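Asker: What follows is a single structure, and I will ask about it in a moment.
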Amino acid sequence: MNLTKVKQHCSALLSVTSLCLGFLLLSILLSITSANAKQVPASVYSRYITLTTAFAKMSAQDEKQTKAKVESNKILTNDIADFYQQQRDHSTERQLLASNLQLQVLLMPQNSLQGYEQAYQVVTQLLSLSLELEQQLIFQQLAAQLAASLTTETVATKGQESKSWNLVAKHLNAWFTLVDKLDEKQHEKYKITIAKQASNAALLAQAYYLQDKLTAALTPSKRAYQLVPKNESYLQLLLALLQRLEQDKQLNKHLEIAVVDFPKSKDYWERLAYSYLTLEQNKSALSTLAITRNQGLLTAQGYRVLASLYLQQQQPRLAAAVYLEGAEKKLLQQDSAYFKGLSNAWLMARERSMALIVLAQAADAGIKLAKHDQQQAQLLYLEARWSEAELAYAALLDHGVKGEDQKTLLMTDKWRFLLAVSQIEQGKKAQAKDNLLLLQTKQYQGYSKGWLAQL
C-alpha cells in the first residue's frame with residue numbers, strides 16, 4: 001500500500017476523531033465533578049448556573065439571528081471567558097467548573113481552529129492540577145483529540161505537524177498508562193469500552209506513523225485491530241505498517257485473515273497473492289489470483305501476473321485464456337506486452353495457428369514485436385503454409401541483417417535455405433536451386449547437397 005493511500009485512511013480515522021469531540025464534551029459535562037455550593041462559594045456557583053443557562057439557550061437558538069442577538073451572544077461568550085480567567089487562581093473545583101463552561105464555548109463548530117487551539121490550552125492547564133482518576137482519563141483523551149484535530153485544521157509546516165502528533169502520542173500514552181492499571185469493574189465504572197480503547201490505540205498508532213516512527217506505531221496498531229478486527233481502517237493501518245517494516249510473514253498472516261473478513265475486497269486478495277510471491281510461494285500466489293479471478297475481482301495487474309504465473313507453471317493454455325479474458329473485459333490494453341505474452345502462451349502450447357493470428361493482430365494494431373517477422377516466417381513454415389512462408393523468408397532476405405561475421409552469414413543462410421525448401425514444396429525447383437547455390441556457409445552448403453541432388 002502506498003503512503004498516500006495510508007494517509008487517506010489516517011484522515012478518515014481523524015475525521016471520526018473530530019466528530020467525537022462534541023460527544024466527548026458531553027461526557028465531560030456529565031462526568032466531571034458536579035460542583036455545588038459546598039465545594040465552591042455560593043456566588044461563584046450561582047454565576048456558573050446563570051452563564052450555563054444563558055449559553056444553553058444561545059446554543060438552542062436558530063442560526064438565523066438578528067444583528068442584535070449576535071452582539072448579545074458575543075457579550076455572553078466574553079462573560080464566560082472572563083469567568084474562566086477569574087477562577088484560574090482558585091481551587092481545582094472552581095477551575096473545573098469554569099473550564100467546563102469555557103470548553104463548551106471554544107468547541108462550538110463556528111470556532112474551528114482558534115477554538116481547538118484555545119481548548120487545548122484549557123485542557124493542558126487542567127491536567128496540571130490534582131485531578132481525580134476519571135478526570136485524568138477524560139482530559140488526557142480530550143487533549144490528544146484536540147492536538148490531532150489541529151493537524152487537520154492548519155496548514156502546518158512538517159515540523160509543526162510533527163510536534164502536534166508528538167503531543168497526541170504523549171497524551172494517549174498517559175491515558176493508556178492509566179487504563180492498563182484498571183480492573184474490569186473500573187473499566188465499566190469509567191466507561192472504558194473496547195471501542196474507546198481501540199479508537200485511542202488507532203489514533204496513537206497514527207500519531208507515530210505520521211512521524212515515521214513505524215516500530216513504535218506497530219504495537220498500538222495491533223492493539224486496535226485485535227480489539228475491533230472488523231474495523232477496516234484499523235486493518236489498513238496495520239497492513240501498511242507491516243509492509244513498510246517488511247515483516248512479510250506477519251503481513252501474509254493478516255492478509256489471509258483479511259480476505260476472510262472482507263471477501264469482496266479485490267485489494268486484499270491481490271495483495272495476499274503478491275505477499276505469497278514475496279515469500280516465494282508461487283503456487284499459493286497462483287491459486288489466490290485464480291480465486292480472485294473466479295470472484296470477478298481481478299485487476300489489470302492481477303491478470304498480467306496470473307498469466308505470467310501460469311506460464312511459469314507450464315500451463316500456457318490457461319495463460320492464454322487469462323490474456324483473452326482480460327482483453328475482453330477491457331482491463332488489459334492490447335499493447336506490445338499483451339501480444340507478446342499471448343503469442344508466447346500459444347507457442348508454448350504448440351498452437352502455432354493461434355500464435356500466427358496473434359502476430360497478425362499485432363501487425364494490424366501497428367505493433368512490431370521483437371523478431372516478429374522471423375517468428376511469423378518460422379510459424380508459417382511449420383504450419384506448411386508454403387506460399388506464405390516463401391513470401392515471409394523473401395521479405396527477411398530483402399531487409400537482411402548487415403555485417404559479414406559468421407553469425408550474420410549463418411542467419412542469412414538459414415532464411416535462404418528455408419526459402420528454398422518452401423519453394424521446393426510448391427514445385428518451384430529452378431528458383432529453389434538458385435537459392436541453394438547462393439548459400440555461403442559450410443553448414444548450410446552441407447544441408448543443401450541432398451536437396452540439390454533431387455532437383
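Asker: Scan Arg293, Arg304, Arg317 and give me the residue that is assigned to a helix (DSSP H, G or I), under 17 Å from Ala345 (Cα atoms) and under 24 Å from the mean Cα position of the chain (by Cα). It would help to see each step written out before you state the result.
Answerer: Values: Arg293 fails: under 17 Å from Ala345 (Cα atoms); Arg317 fails: under 24 Å from the mean Cα position of the chain (by Cα).
Matching residue, one of Arg293, Arg304, Arg317: Arg304.
Asker: Can you tell me which condition Tyr84 does not meet? The list is (1) open to solvent by 30 Å² or more (accessible area, probe 1.4 Å); (2) at pLDDT 85 or above; (3) under 21 Å from Leu146 (Cβ atoms), and all the others hold.
Answerer: Among (1) open to solvent by 30 Å² or more (accessible area, probe 1.4 Å); (2) at pLDDT 85 or above; (3) under 21 Å from Leu146 (Cβ atoms), the lone unmet condition for Tyr84 is (1).
Asker: Restricting to helices (runs of 4 or more DSSP H) lying wholly in the stretch 346-405: which have 2 or more residues that are over 20 Å from Asp434 (Cα atoms)?
Answerer: Numbers: elements: 352-364, 372-382, 386-399.
So the answer is 352-364, 372-382.
Asker: Identify all residues within the stretch 271-301 that are open to solvent by 30 Å² or more (accessible area, probe 1.4 Å), aliphatic (A, V, I, L, M) and within 16 Å of His254 (Cβ to Cβ); write none if there are none.
Answerer: If the condition is that a residue be open to solvent by 30 Å² or more (accessible area, probe 1.4 Å), aliphatic (A, V, I, L, M) and within 16 Å of His254 (Cβ to Cβ), then Leu279 is the only one that fits.
Asker: Follow-up question, since we're still on this one. Which ones in the stretch 325-345 are in a loop (DSSP other than H, G, I, E, B) and of a type in the set (Asp, Glu)?
Answerer: Initial filter on the stretch 325-345 (in a loop (DSSP other than H, G, I, E, B)): 329-335.
Once the filter is applied, which keeps residues that are in a loop (DSSP other than H, G, I, E, B) and of a type in the set (Asp, Glu), the stretch 325-345 yields only Asp335.
Asker: With open to solvent by 50 Å² or more (accessible area, probe 1.4 Å), out of contact with any Lys or Arg (no Cβ under 7 Å at 6 or more places or on another chain) and at pLDDT below 90 as the only criterion, which of Leu107, Leu101, Leu97, Leu113 stands out? Break it down stepwise before answering.
Answerer: Values: Leu107 fails: open to solvent by 50 Å² or more (accessible area, probe 1.4 Å); Leu101 fails: open to solvent by 50 Å² or more (accessible area, probe 1.4 Å); Leu97 fails: open to solvent by 50 Å² or more (accessible area, probe 1.4 Å).
Step by step, each of Leu107, Leu101, Leu97, Leu113 is checked, and only Leu113 is open to solvent by 50 Å² or more (accessible area, probe 1.4 Å), out of contact with any Lys or Arg (no Cβ under 7 Å at 6 or more places or on another chain) and at pLDDT below 90.
Asker: Any residue that is touching a helix residue (DSSP H, G or I) at 6+ places or on another chain (Cβ under 8 Å), under 30 Å from Tyr323 (Cα atoms), open to solvent by less than 70 Å² (accessible area, probe 1.4 Å) and modelled with pLDDT under 90 - is there at least one of those in the stretch 396-411?
Answerer: Kept after step one, since they are touching a helix residue (DSSP H, G or I) at 6+ places or on another chain (Cβ under 8 Å), are these residues of the stretch 396-411: 396-397, 399-402, 410.
Filter again for under 30 Å from Tyr323 (Cα atoms), leaving 396.
Then drop every residue that is not open to solvent by less than 70 Å² (accessible area, probe 1.4 Å), which leaves 396.
When the remaining residues are screened for being modelled with pLDDT under 90, the result is 396.
Yes: one or more hits.
Asker: Within 25 Å of the chain's Cα centre (by Cα), open to solvent by less than 40 Å² (accessible area, probe 1.4 Å), modelled with pLDDT of 95 or more and farther than 30 Å from Lys264 by Cα: is that true of Ala174 in this structure?
Answerer: Values: within 25 Å of the chain's Cα centre (by Cα): no; open to solvent by less than 40 Å² (accessible area, probe 1.4 Å): yes; modelled with pLDDT of 95 or more: yes; farther than 30 Å from Lys264 by Cα: yes.
Spelling it out, it is not the case that Ala174 is within 25 Å of the chain's Cα centre (by Cα), open to solvent by less than 40 Å² (accessible area, probe 1.4 Å), modelled with pLDDT of 95 or more and farther than 30 Å from Lys264 by Cα.
Asker: Give the stretch 383-435 a look and list any residue that's among the small types (Gly, Ala, Ser) and closer than 15 Å to His372 by Cα, or say none.
Answerer: Taking the stretch 383-435 and keeping what is among the small types (Gly, Ala, Ser), we get 384, 387, 389, 392, 394-395, 400, 403, 420, 422, 427, 430, 432.
Ala389, Ala392, Ala394, Ala395, Gly400, listed by residue number.
The values are calculated or read from the model by the stated rules, or taken from the named source; none is laboratory data. What you see is a predicted model; the values in this text were computed from it and never measured. Every residue, glycine as well, gets a Cβ built from its backbone with ideal geometry; the counts of neighbours run over all protein chains shown. These accessible areas exclude ligands, DNA and RNA; they are computed on the full protein's heavy atoms, side chains included. Shrake-Rupley method; radii C 1.70, N 1.55, O 1.52, S 1.80 Å.
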